[in-house]
Structures are given as structure tokens and as C-alpha cells.
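Undergrad: There's a structure below that I have some questions on.
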Amino acid sequence: MIACLGRIVHDNDAESKLDNDVSTIFNSLNLQGSIENGDVSSIASKDFGGLYSIKPLYLIRPSGADDISRVVKAAAETPHLTVAARGNGHSINGQAMAGGGYVIDMRSTEENHFKLLTVNDSPCIDVSGGALWEDVLRRCISRFRLAPRSWTDYLSLTVGGTLSNAGVSGQAFRYGPQTSNVTELEVVTGKGDITVCSETQNPELFFGVLGGLGQFGIITRARVKLQLAPDMVRWIRVVYAAEFLVSQKEDESFDYVEGFIFCNNDDPINGWPSVQLNSDQEFNQTHLPQTVSPVLYCLELAFHYRNSDQPSTVDMAVSRLVGGLGFVDGLISQVDVSYMGFLLRVKRVEQNAKANGVWDNPHPWLNLFVSKSDIVDFDRTVFKKMAKNGIGGPMLIYPLLRSKWDSRTSVALPEGEIFYIVALLRFVPKGPSVEKKVAENREIVKWCIKEGLDFKLYLPHYRAKEDWKRHFGNQWTRFEKRKANFDPMAILAPGQRIFKRTN
Ligand code: FAD
């Protein structure tokens, strides 16, 4: 088999020969799934960011962990091949690509696991690492009326893809990120070993893989904590003329807390029209004070309830909670939606954007965690100056609590207990402006470093080892040690550009 792989790799200019060799390699790997040549038009060379296109040697559709293990072991027998798990390819900077290596399409394993269990008297579900969160939601609700506790805003992402980063949304202030809501994983390591891990069984692998940017293993199964699903959600937006988020205290009584910045103008994407939840209502800017800044703040909240709850009880509970928020009088918007409708809200945005042809535009996105101690500076420079005319997409900002994150995972966080996720989610038409937006993002990161802000990139993208060392800070040694233990030849997730493949 080694001879066969070596021959194919060193002969990769002979395309027709490759076709024949696909069946040879398929047989030599003894795959239950399927394999095809890497092609620039294949999903393996693309991601949501649309900024990179890197051609792999092969795209593998495994049937399960055994196939993945065989592929990793075969790569290990060559001097240079790498392996990237591809979840749903919703990375921005080619993180799920493997130039000249194997890309593993995890979606082919999405049906492999779906089992309800009780762990320590609490319900959990075993799901495939390649399952989409939206499918996990639909199946958990329809079969058990249960649902995971912590989400991302958008659910066409895989379980393994978000757990390799963190997975955050408006529930994270209460339950922590998705990485704080799993109790067990099955992982294929960079040595090709199939290993079950948890807080008590192979904990170093368990915590390493969570937020580990795919560096230590490929998640083939995850055990996710569940809770009773509500039927309905009261979805609320309130407007602030000054930084609500800086003074806002966490209120544990809402089930979801997010926020976004919008421009004080009628821009359809970033202006007043982006605030109203109910399309028949118009934003009434006459409520705003005379002297307001170019950007305004919208706090987005959700309150869960059941169909059996009395409407007056829900109204009372919501008014009590909203009453203490001190937003601009009259600038409140609210709707009642089903729980599924709420969690699938970005799917509707996707459908509209696809219909308008903008969903497939390049997305030079920037996500950061910024410590509360530095958010005023960040707001003054980035939102009020650099982004004051909008960015062609949402500008999210909401608070997270460090104590809800487990410091044993690989995620790098700012120092302070309260920090904000800041997401600049640009949709940019193809053309020269894309590079300009990438450069603007770079400027923001450079400014944060220069000013010594307590911040980390979320979904980080660096090229130089020095930058990665700074990113992980005092966790770098642990990260390197985990790599040496679980993927000593640096076979996995080369698209993150942290380690170079060795022999
Ligand atoms: P991919 O992009 O396919 O992979 C990401 C990385 O994980 C790669 O390095 C890959 O090799 C590795 N990987 C993939 N699968 C596995 C696996 N099974 N085991 C180990 N490693 C694996 N994030 C949030 O936290 N909150 C949000 O609200 C949110 N909203 C988003 C909305 C949109 C429209 C988009 C495009 C992204 C959003 N994200 C959000 C970011 C998203 O969580 C990450 O980009 C995530 O990595 C995407 O998942 P994926 O399945 O597409 O992974």
C-alpha cells in the first residue's frame, strides 16, 4: 500500500492515470465508503469564505470511524500526505482544506449515530460528528421533545465543526459554549486510533479536541446534553443610544441574549430597517435623542414558554424582565415564534440571500473575543470610526462569561470574566473590494495588538507560528504537547496552518 500511495502522489500530473489509480487506492485502503479525485470544482476545494481554493489529492466519503482511521494511517505511511475533516465547509479561510492531501467529507457519516441516553439523571444524545445541528434539532424535537441547550446562530454547521472551535450563540451566557455541553466524544486521532474520551476517560484528548481546531483528532461521535424543549419563544429587540453592552448586567432570566450594532440611517442592511422583527412595523427614529452617535445598539433577547402557559403570565414575566433594561422609550420590537422557527431564523436569511444571489458572495468575516475592560476602546475606534457606515452584513456583539467555559479545553480566551464576541459578518461582491475588506480586518487585528487589547480571535486565522504562539499565550506549551501526543506527524487539519507535516 505504501508503494502504491507513493507512486500516485509522485505522478500527479498524469490526470488519466489518476482515474485508474482511484480504484487502486480505494481497494488498497479497503474503504467501505467512497473516494474521488480532488478537483478544483469539488466541495473539497471550497468553503463559505470564498477567499481560498485549494485542491486536495482525494475527496473521501467515509462510512464511519473505521474508514477515517484507515485513511489517517495510510497518510501516516507517506512522507507528506495530510488529512482534513470537512464538516459543512463553513470556514472562512480554508481551514477544512488539505492541499494535495485527503479531504474527508464528514457529512457522509451524518446518520451514523442517534441514540438517547440518560447520564447522571440528565438526558443526552449521541450524534455523529458529521451531523448538521439543524438535523439534530429536528430529530430531537420530533422524537423526544428535547433539545440541546447551547447553539450557534446558524445551524447548517456540523457538530464536529463547531466543537472544534467552541460554538456560541445567545444561550452561551447561561450554559456556556457548545464545548461546555458535551460529555463524551469518539475521536480518530492523528495516529489513526479510534478513541472514546470524556472528562474521566482520556481527558487530555477530550479537552484537547474541544476547541482544538481539528489538530488532535477527528470527532466521529459526540454526546450532547439535552433539556426539555419549549414550544414558543418571545423574541424581543430593544434599542440603546449608548453602549448598553458595557453597563448591561447579565440577567439569568432571559433564555437568550445577543446584540448588534446598527447605523443611525436608513441603510437596508445596517441601518434602521435591520431592527424591526415585525415586517409591518417601521422603525420610528423620532424616539431617538437629538444627539446620538453614528452607530446605535440593539439588544436581542428571547424568553421561552410553553403552549400551556397563560398569555397573561408570559406577558407579565416579559414586562418585568424588559422593565429593568433602560432602553430608548418606544424602541422595542417583539414577536412570538415557535422554538424551531427561532432557532432556524438564520436559515430564512440564507434562503432570501440565496434568492438574491448574495449568499455565495465572498465572506471576509472577522470574529473576535474582546474583554469587557477594552470594549469601550474597541467600540470607539472600530464601530464608531472604521465601521460607522456599515460593513455590508451584520455586526454582532454580545457578552459571554469566562466561568461558563472550561479552561481545560483548547479554546483561547481573553483574561477578564466578562468578554464580548464581536462578529463582523461581511458579504462582499466578487472583485477588488474583497481584498480591501480582508485588509481592513487585518488592520483591526493589528490595531488590537498595537493597543495591547485583551482579545483573542475566534475562528482564528494566522499564518506565522509567532502569531499562533501569541494567540495561545500561556496555553501554547499545552497545545504543542497535545499535538505531539495525538498527531505527532501533523497530519490533521493542515488548513489551520499551525503545524507543518513531518515524517
Ligand atoms: P468546517 O468549516 O468544515 O471545518 C472547520 C474546522 O474544523 C476545519 O479545520 C476542519 O478540519 C475541522 N473539522 C470539521 N469537522 C471536524 C470533526 N468532525 N472533527 C474534528 N475536526 C473537524 N460559529 C459560532 O460559534 N456561532 C455562530 O453563531 C456561528 N454562525 C455561523 C454562521 C454562518 C453563516 C457561518 C458560515 C459560520 C458560522 N459560525 C458560527 C462559524 C462556524 O461555527 C465554524 O466556521 C465551523 O467551523 C463551521 O462548521 P463546519 O461544520 O462547516 O466546519
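The values are calculated or read from the model by the stated rules, or taken from the named source; none is laboratory data. All values derive from a computational prediction rather than experimental measurement. Please note: Cβ atoms are built from the backbone with ideal geometry, for glycine as well, and neighbour counts cover all protein chains shown. Note: areas computed on protein heavy atoms with side chains; ligands, DNA, RNA excluded. Shrake-Rupley method; radii C 1.70, N 1.55, O 1.52, S 1.80 Å.
Undergrad: Can you confirm whether S63 is under 29 Å from H363 (Cβ atoms), part of a loop (DSSP other than H, G, I, E, B) and of a type in the set (S, T, Y)?
TA: Spelling it out, it is not the case that S63 is under 29 Å from H363 (Cβ atoms), part of a loop (DSSP other than H, G, I, E, B) and of a type in the set (S, T, Y).
Undergrad: What are the residues in segment 444-485 that are touching a helix residue (DSSP H, G or I) at 6+ places or on another chain (Cβ under 6 Å), surrounded by 17 or more Cβ atoms within 10 Å (Cβ to Cβ) and under 20 Å from L205 (Cα atoms), if any?
TA: Within segment 444-485, F472, F479, R482 qualify.
Undergrad: Considering only segment 417-433, state which residues are assigned to a loop (DSSP other than H, G, I, E, B) and open to solvent by 20 Å² or more (accessible area, probe 1.4 Å).
TA: Here is the first cut: in segment 417-433, the residues assigned to a loop (DSSP other than H, G, I, E, B) are 417, 425-431.
Across segment 417-433, the qualifying residues are E417, L425, F427, P429, K430, G431.
Results for (1) closer than 29 Å to G390 by Cα; (2) assigned to a strand (DSSP E or B); (3) open to solvent by 70 Å² or more (accessible area, probe 1.4 Å), shown as yes or no for each residue.
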| position | (1), (2), (3) |
| --- | --- |
| L296 | yes, yes, no |
| L301 | yes, yes, no |
| S308 | no, no, yes |
| M316 | no, no, yes |
| F327 | yes, no, no |
| G330 | yes, no, no |
| Q334 | yes, yes, yes |
| F342 | yes, no, no |
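Undergrad: Among the residues of segment 204-217, are any within 16 Å of the ligand (Cβ to nearest atom), in a strand (DSSP E or B), at pLDDT 95 or above and open to solvent by 50 Å² or more (accessible area, probe 1.4 Å)?
TA: no
Undergrad: Could you please tell me which pairs satisfy a Cβ distance under 7 Å, a separation of 6+ or placement on different chains, a first residue in segment 405-427 that is more than 30 Å from L51 (Cα to Cα), and a second residue that is surrounded by fewer than 22 Cβ atoms within 10 Å (Cβ to Cβ) and small (G, A, S)?
TA: If the second residue must be surrounded by fewer than 22 Cβ atoms within 10 Å (Cβ to Cβ) and small (G, A, S), the pairs left are W405/S180; D406/S180; E415/S371; G416/S371; G416/S373; E417/S403.
Undergrad: For segment 68-98, which residues satisfy the criterion of being open to solvent by 50 Å² or more (accessible area, probe 1.4 Å) and either part of a loop (DSSP other than H, G, I, E, B) or closer than 20 Å to Y52 by Cα (or both)?
TA: Once the filter is applied, which keeps residues that are open to solvent by 50 Å² or more (accessible area, probe 1.4 Å) and either part of a loop (DSSP other than H, G, I, E, B) or closer than 20 Å to Y52 by Cα (or both), segment 68-98 yields E77, P79, H80, H90.
Undergrad: Helices (runs of 4 or more DSSP H) wholly in segment 117-202 with at least 1 residues that are touching a residue at least 60 places away in the same chain (Cβ under 8 Å), within 14 Å of the ligand (Cβ to nearest atom) and closer than 15 Å to I219 by Cβ - which ones?
TA: Here the list reads 133-144, 159-163.
Undergrad: Now, a different point. Taking into account only those residues within segment 486-496 that are open to solvent by 30 Å² or more (accessible area, probe 1.4 Å) and in contact with a helix residue (DSSP H, G or I) (Cβ under 8 Å, 6 or more places away or on another chain), which is farthest from G217 (Cα to Cα)?
TA: So the residue we want is M489.
Undergrad: Got a number for residues in segment 79-101 being more than 9 Å from the ligand (Cβ to nearest atom) and in contact with a Ser or Thr (Cβ under 7 Å, 6 or more places away or on another chain)?
TA: Looking only at that region, the number is 1.
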